[in-house]
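S.K.: Structure provided below as structure tokens; questions to follow.
Only the coordinates and a few stated rules stand behind these numbers; no lab work does. Owing to the predicted nature of the structure, the values given are computational and were not obtained by experimental measurement. Cβ coordinates were reconstructed from backbone atoms using ideal geometry, including for glycine residues, and neighbour counts include every protein chain displayed.
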Amino acid sequence: MNKIRQNLLLILFLIMISSFSTPVQKLFPRPPLFGIPAKTLPQNHWVFRGYWINNDYTKMWSPVEDKMVDTPSNLDFTSNVVWGKVRYGITNKLTFILNVPYVRKSLIKNNLEKSGSGLGDVIGALLYKFYSNKKDRFLLSALFFTKSPVGKSTDLLPNELPLGTGSFDYGASILPEKEFGRWDLRLSAFYLIRGNNNTGIDLGDVMSFAWSTAYNFSKKLIFENTFYYKRIFENSKAGKNLTDSDTYLFQIIPAIQYRFGSSFFVQAVLPVNLIQKRPFGNPYETWLGLYYMI
């Protein structure tokens, strides 16, 4: 059995080595399955992308135990978000991005239900490619974006849940990307400045880092894995920090993409939450997506 394992590992190692020496194929597009793309679109090209994201929260933060604990049996909280994402190549170096979510939430406690459904907060962004080296297959882009408080967060009925944060936010991200034959390496560093919401709370800023590696098995099949860290700093009100309002999340995110034809892709992503401190959490999320380019 050990001999078989050694042979399998040797074969896998030789395949990986050969992939670096394989002539580079134009596997266009090679989009990220999770996160922000560094590649801008060609001028006048469009991408339409949709994602369904499901969360069934089974964990909650306990200030007393200082850790995530199981939600009690009398509480059930679920969230489903359908993201519509549009990208348009203004020029070869500048891409416009619009992300619009439709949110559905349900919180049941002691057989009493609160729910909400409708548009969430809308994100608009500009992606600018300011350095590209075609010979070394390396590029560097920056993303500048805003989040508008479209999701309902005020004048809620007793049985309604908010659909947005109620704050206007803005931020930027730096995005280097490198291709090694069939391998893609992507990094991102992201910072979001959040404002006050409708209750006068100064929401804490958001910082995140992502490191993704993808392997292009063929023009049809891509596998990707991402390590993702997100931190939200303490919220404050009237100049005082709110206890336990800072949160963090560390995920490993495997994903797979299959291509149908020249422009249509199906994507599946499974973020696994390794370390988390959030009001509500879960072991993993489920993402299913469609990607269409014209």
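S.K.: Do any strands (runs of 3 or more DSSP E) lying entirely in region 101-157 carry at least 3 residues that are in contact with a Ser or Thr (Cβ under 6 Å, 6 or more places away or on another chain), and which ones are they?
M.R.: Counting at least 3 such residues, we get 122-133.
Residue-wise test of (1) among the polar types (S, T, N, Q); (2) in contact with a strand residue (DSSP E or B) (Cβ under 8 Å, 6 or more places away or on another chain); (3) touching a residue at least 24 places away in the same chain (Cβ under 8 Å).
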position	(1), (2), (3)
Pro42	no, yes, yes
His45	no, yes, yes
Arg49	no, yes, yes
Ile53	no, yes, yes
Lys59	no, yes, yes
Glu65	no, no, no
Asp70	no, yes, no
Thr78	yes, yes, yes
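S.K.: Select from region 218-236 the residues that are surrounded by 14 or more Cβ atoms within 10 Å (Cβ to Cβ) and over 22 Å from the mean Cα position of the chain (by Cα) and write down the one among them that is farthest from Pro176 (Cα to Cα).
M.R.: Once the filter is applied, the top-ranked residue is Ser236.
S.K.: Just to be sure I understand, how many residues within region 186-216 are in contact (Cβ under 8 Å) with a residue 24 or more places away in the chain, closer than 18 Å to Pro32 by Cα and either in contact with a helix residue (DSSP H, G or I) (Cβ under 7 Å, 6 or more places away or on another chain) or surrounded by 15 or more Cβ atoms within 10 Å (Cβ to Cβ) (or both)?
M.R.: Residues flagged as in contact (Cβ under 8 Å) with a residue 24 or more places away in the chain, closer than 18 Å to Pro32 by Cα and either in contact with a helix residue (DSSP H, G or I) (Cβ under 7 Å, 6 or more places away or on another chain) or surrounded by 15 or more Cβ atoms within 10 Å (Cβ to Cβ) (or both) within region 186-216 amount to 9.
S.K.: Would you call Lys178 within 23 Å of Phe265 (Cα to Cα) and either of a type in the set (Asp, Glu) or assigned to a loop (DSSP other than H, G, I, E, B) (or both)?
M.R.: Against the criterion (within 23 Å of Phe265 (Cα to Cα) and either of a type in the set (Asp, Glu) or assigned to a loop (DSSP other than H, G, I, E, B) (or both)), Lys178 does not qualify.
S.K.: What are the pairs, 6+ residues apart or on separate chains, where a residue within region 157-176 that is surrounded by 15 or more Cβ atoms within 10 Å (Cβ to Cβ) has its Cβ under 9 Å from a residue that is acidic (Asp, Glu) and in a strand (DSSP E or B)?
M.R.: Between residues of region 157-176 that are surrounded by 15 or more Cβ atoms within 10 Å (Cβ to Cβ) and residues that are acidic (Asp, Glu) and in a strand (DSSP E or B), the close pairs are Ser167/Asp202.
S.K.: Something else about it: Give me the residue from region 70-96 that is in a strand (DSSP E or B) and touching a Pro at 6+ places or on another chain (Cβ under 9 Å) and, out of that set, surrounded by the most Cβ atoms within 10 Å (Cβ to Cβ).
M.R.: The extreme case among them is Thr95.
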